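One structure is given here, and the rest of the page talks about it.
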Amino acid sequence: MRKHLYRQRWLKLTSFSLTQGLVMFLLAGVSYAHPIKAQEYLSKRLTLRAENQEIKKVLTDIEKATGVQFVYSSEVIDAKQKVSVQATNSTLEEVLIKFLKPLRVSYELVGRKIVLSATPSVFNQTGAVDLHEKATEPASPKRTVGGRVTDEKGTGLPGVSVLIKGTQRGTSTNAQGDFQLDVPDVRDAATVLVFSFVGYESKEVIVGNQSRIEVSMTPESKALGEVVVTALGIKKQAKSIGYATATVASEQITVNRTTNFMNALQGKIAGVNITSLGSGPAGTSKIRIRGQSSFGGNNSPLIVVNGVPIDNTTYGARGDVSERGSNRTSDGGDGLSSINPDNIETMTVLKGAAASALYGSRAKDGVIMITTKNRGSGNGIGLEYNTNFTTDTPLDYTDYQYEYGQGENGVRPTAPFPTSGQWSFGEKFQPGMTQILFDGVEVPYVPQRNQITNYYRTGSTWTNTLTLSSGNDFGGFSLSVSNLDNKTILPGSGYNRKTINLGFTQTLAKKLTVSGNVNYSNESRKNPPNIAEQDYSPVVLYNMANSMPLDLLEKYATDTNGNEVVWSRFTNRTNPYFALQRFDNINTDRVFGNLTARYNFTDWLFLQGRVGQDYYSREQDYNLPTGSQRQPPAPVGFVNGQYVQDVRNVREINADFLLGANRTFGNIGVNVNVGGNQMYRKISRHNDFVQDFFTRGLYTLGNGRLRDPVYELSERQVNSLYGSAEVSYKDVLFLNGTVRNDWFSTLSPANRSILYPSITASFVFSQAFASVLPGWLTFGKIRAAYAEVGSDTDVSPYANNLFYSINSQQFPSAGGTPQPLASISGATVPNANLRPMRVSEKEVGLELKLFNNLLGLDLTYYDKLSSDQILRAQISNAGGYANQLINVGESRNQGVEMLVNFSPIKVPRFDWNITVNAAYNVTKVLNLGSGISDNMITVGTGDFTGELRQVVGLPIGQLFGFGYLRDGMGRQVFDAGNGRPLRTPTQISFGSALPLWVGGVTNSFSYKGINLSFLIDFKLGHKMISGTNHNAWRHGLHKATLVGRAENYVIGNGVNPNGEVNQTKSGVQAYYETVRSQNIAEEFVYNAGLWQLRQVTLGYDFSRFLPTTFFIKGVRLNAVANNVAVLKKWVPNIHPEQFGFPSDNLIGLEATGLPITRSVGFNLNVRF
């Protein structure tokens, strides 16, 4: 069987790859991006007259005349050396021979690049060249050493100077990065080779007994010349920006990957809290930047792909979108899941208001900017294949009691059809005992361990991507086709995603550049797991009686009529095998992309136009199966059940222009941009709900007894104008300002126009005071910023309108004629003065690089004020309304972000790098309005116990619930009559559910081409109320419920209401069930902190072993593991991240989610 499965998998991969290859081959045939052949460059003719001119000037003249580009090391050619060259209508090949031969320099043409290297001396045929010593130098014993020099990505680096230290003897690498050199064969002296290249740190390698040397060059500090992508896709020098950003390399999301690629970034970005929810691999990724910016449930950042925003609606359990029907707590994913990470080139996180200010009303939660590939990395056609396969093992963190088994009140089941399948308050296990289950089946009364891992299966995820790309001096393209197949751990559940991505860029007539991207995805979700509720969810498994055999539960899931067999007196505890009859199919087709045209009037002035669209159609149908215990019976002639069809269409169109100028006047630099945007968004929904069926098992609209159709439509438009200006002084002091004005279609005309400004400053003091600062300070910069941004989702379309509905019954007029009657629907009166919330933020930062980049520090402090938050205020009901939405809420976020990079060991063959990121954030509620009683509001209620409230003066997200009643001395109080715990008269606060600290520590090692890295991440300083432990307690599974079992009663440690020592005996089951009957939460409040070994990656690049003439150019293999181990947690029986609700209004109110999985597998990348 296993062999057959492996064969099927390989057949699928082979079929997929061949299909992709055929498509790529056909497209390659029509590509316009072929590089010019080398001989065509060499045949170009030119006329050159140079009398006693510097070599650098001569090479520049040749480049301008022929279009080639010279690559060389300063050790090969002295650029300031003066030469004389005369050529009239000569070919480039003739000029090079005539020009380079006297210099003893040879060349190699790669594409349009001409790599210059030293020519071996005719007097010394060793491969080493001495340009300064005489050829008659005495010979000494020598041996040949060869090797390869690569850049930070493992690509061969041409033109690298390789010198024997202390001499002027050396060579340079060829186009593939290879070199060969004769070195002294003197055993008593250590020969050291020095490798140097412009833009990279020099490296020294001891030759020793090596005959082949592999060197990986490290780029010099990019802080001074690094360019980052900022808001609207504007590229800026990193040193000029006055706010914090984070750039993510594609390798961080493609090698050790997750199904939703954002989850792979947990613990990697300072100030960004990413949580993978306990709702399945295709579920929502919860992202919060700098804490929670509002009282609303969704505080997710804006997602921008290639400069154009895309929709990231959360279809998670109780997320942004409501569903019809019973027991709807499955996770349908988010917008990020449709993106193939293999197509991502870079990703930039704009954390604060200043960084994202040019997005105005959409920027309150930060921005994640994704740039996809639009051309090949080099010249010519390239083909790349990437495959990633992982197995997903469910992890069971329960530590339940297995001393007493199924039953209630100390009695095991001894008669047919017992209803104690969810209770473990039975008898103590003894050898030879039996129990009676279902219709009289007698089975051993023994512990049934590992029920969770036995029910769930081992999942898997297999992703294959084939990318065809091309590039030359004028542009190129990148085309990828990908397939992802996921088998979820829940039987019958899975996810498939097919994507096609095309990106291109082309320069026309030197000044006009046209680029674009088109991304198509087809996603199919099959039966995403239901979570948190007691029906059709893991709650049942985590409460299962600890002596219930799963094979028996599966065998007796239904009776002969197909109805669920009674097994629990709680009818809403669905048999987990009967629950597999539930189906939920979600199919999404999505296309998003943009077309951009940029015209460069001069080298300092340009005009850009861009139009982008994001469109998807989401079709879903699901059922509530006929025959479950929890449903009421249908009328005679019908069977119960539900069926829903839902179709949503979402379209967003963005059109914008940008005019930019960048000039320098002496020491003063000026960079100005002005532009505008129009955003149009349309959402439509068709939904049909049917109840009860005529024909059993036929889930269609036509087979339903009751049908209730719904149609919804909303449209929104925002027009915007914006501008930015930067003034710099001596390229060390930068002052930036931006302004954006948005006009909203959803607001009243008087409030429709809103302005969002920002101002930032940056000072590179290490460059300004370089002559007086110590040499160990490689780079230093301070920055400051202030900005105001908003939210465009607070005020929904038509919020200013009154709606009315037509009564289904007709009422007689004064004349007695029946006529329709309309009435205003809803209890909320419109507010014409309503406006979006506003966020103003101050930020200061310090960046340092020390000891030649061995140590780096990036420190940021921010203070963010969120005002005008929209809350519901009660009003007099005399006018027929109960409340009104008003701008009154106010909260503040304050925090510190830190990023430290450290290289403890950096020697020729071994590198050890440590990256530590940490963020501390506190969010406090400042104002809820004068009409709020007790200065608090309830925003969420737990499925089993507890509430989430916002309280003035306290951090956001306060967990509330009933506690144990205590007297003035702190002693617990018990009922004098039944001995059970008493609760507090009102709910009390247990602390905030928002973490104070989030971060991660990454260690990476490199030794002789072997790369090993591991990530430990953490979330600390917050609380949770655990619904799983609440249920385990009241169902007799929690180990703490063993107290009193032997005696068959419990006497609580405390006093009665009269202050007397409690001596009243309580029945065991009744005592522990009190937490449910009295809704007591205190027992289940835990520290929600977590230290997790999140990722381990071990890889090796086999490219060095491939012949240069081989059709495969590179092979890299990585072993990967995710969710490897919990290092420290404080909550028992679950993983702290097992909770599956994405809403911030339910955070900390844990209800049982899908088990966390450990993923182990490999990633293989092959370049052709």
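Couple of notes before you dig in:
- Among strands (runs of 3 or more DSSP E) entirely within segment 203-282, having at least 1 residues that are hydrophobic (A, V, I, L, M, F, W, C) and farther than 30 Å from residue 148 by Cβ singles out 227-229, 245-249, 272-276.
- Output for segment 159-176, where each listed residue is touching an Asp or Glu at 6+ places or on another chain (Cβ under 8 Å) and either crowded, with 19+ Cβ neighbours inside 10 Å or of a type outside the set (Val, Ile, Thr) (or both): 161, 163, 165, 168, 169, 170, 172, 174, 175
- Under the condition of being surrounded by fewer than 16 Cβ atoms within 10 Å (Cβ to Cβ) and assigned to a loop (DSSP other than H, G, I, E, B), the residues counted in segment 985-1020 number 3.
- Among (1) within 22 Å of the chain's Cα centre (by Cα); (2) at pLDDT below 95; (3) surrounded by fewer than 20 Cβ atoms within 10 Å (Cβ to Cβ) - the single one residue 528 does not satisfy: (3)
- Residues located in segment 486-498, provided they are over 16 Å from residue 590 (Cα atoms) and under 19 Å from the mean Cα position of the chain (by Cα): 486
- Residue check, residue 394 touching a Leu at 6+ places or on another chain (Cβ under 9 Å), without any contact (Cβ under 8 Å) to a residue 60 or more places away in the chain and either surrounded by 19 or more Cβ atoms within 10 Å (Cβ to Cβ) or not assigned by TED's automatic domain parsing to the domain that holds residue 1137 (or both): no
- Candidate set: segment 312-340, residues that are part of a loop (DSSP other than H, G, I, E, B) and among the aliphatic types (A, V, I, L, M); chosen: the one surrounded by the most Cβ atoms within 10 Å (Cβ to Cβ): 317
- Some residue of segment 670-682 being part of a strand (DSSP E or B), at pLDDT 95 or above and of a type in the set (Ser, Thr, Tyr): yes
- Being in contact (Cβ under 8 Å) with a residue 60 or more places away in the chain and farther than 30 Å from residue 900 by Cβ is a property that does not hold for residue 1044.
- Residue 528 fulfils the conditions (1) outside the structural domain of residue 494 (by TED's automatic domain parsing); (2) over 20 Å from residue 1035 (Cβ atoms) except for a single criterion, (1).
- All of (1) part of a loop (DSSP other than H, G, I, E, B); (2) more than 22 Å from residue 539 (Cβ to Cβ); (3) without any contact (Cβ under 8 Å) to a residue 40 or more places away in the chain hold for residue 439 with one exception: (3).
- Filter result for residue 784 (at pLDDT 95 or above, under 30 Å from residue 303 (Cα atoms) and surrounded by 12 or more Cβ atoms within 10 Å (Cβ to Cβ)): yes
- Of all residues in segment 834-883, those satisfying the criterion of being more than 29 Å from the chain's Cα centre (by Cα), part of a loop (DSSP other than H, G, I, E, B), more than 29 Å from residue 359 (Cα to Cα) and not hydrophobic (A, V, I, L, M, F, W, C) are 852, 876, 880, 881.
- Every residue from segment 375-403 that is more than 30 Å from residue 1042 (Cα to Cα), under 25 Å from the mean Cα position of the chain (by Cα) and at pLDDT 90 or above: 384, 385, 386, 387, 388, 389, 390, 391, 392, 393
- Qualifying residue in segment 746-755 (condition: crowded, with 16+ Cβ neighbours inside 10 Å, at pLDDT 90 or above, of a type outside the set (Gly, Ala, Ser) and assigned by TED's automatic domain parsing to the domain that holds residue 842): yes
- Selection over segment 653-707 of residues that are surrounded by fewer than 16 Cβ atoms within 10 Å (Cβ to Cβ) and free of Cβ contacts under 8 Å to residues at least 40 places away in the same chain gives a count of 9.
- Of the strands (runs of 3 or more DSSP E) contained entirely in segment 99-179, those carrying at least 3 residues that are out of contact with any Leu (no Cβ under 8 Å at 6 or more places or on another chain), over 30 Å from residue 64 (Cα atoms) and modelled with pLDDT of 75 or more fall at 142-150.
- Applying the condition of being closer than 30 Å to residue 271 by Cα and not polar (S, T, N, Q) to segment 1021-1077 and asking which residue is surrounded by the fewest Cβ atoms within 10 Å (Cβ to Cβ) yields 1021.
- Residue count for segment 944-996, restricted to those that are touching a strand residue (DSSP E or B) at 6+ places or on another chain (Cβ under 7 Å), aliphatic (A, V, I, L, M) and over 30 Å from residue 297 (Cα atoms): 3
- Selection from segment 549-566 of residues that are farther than 20 Å from residue 326 by Cβ and surrounded by 23 or more Cβ atoms within 10 Å (Cβ to Cβ): 553
- Of the residues examined, residue 619 is one that is part of a strand (DSSP E or B), over 30 Å from residue 512 (Cα atoms) and charged (D, E, K, R).
- Strands (runs of 3 or more DSSP E) fully within segment 690-801 counting 3 or more residues that are of a type in the set (Phe, Trp, Tyr): 704-729, 733-744
The values are calculated or read from the model by the stated rules, or taken from the named source; none is laboratory data. Predicted, not measured: the structure shown is a model, and the values here were computed from it. Positions of Cβ are generated from backbone atoms using ideal geometry, with glycine treated the same way; all protein chains shown enter the neighbour counts.
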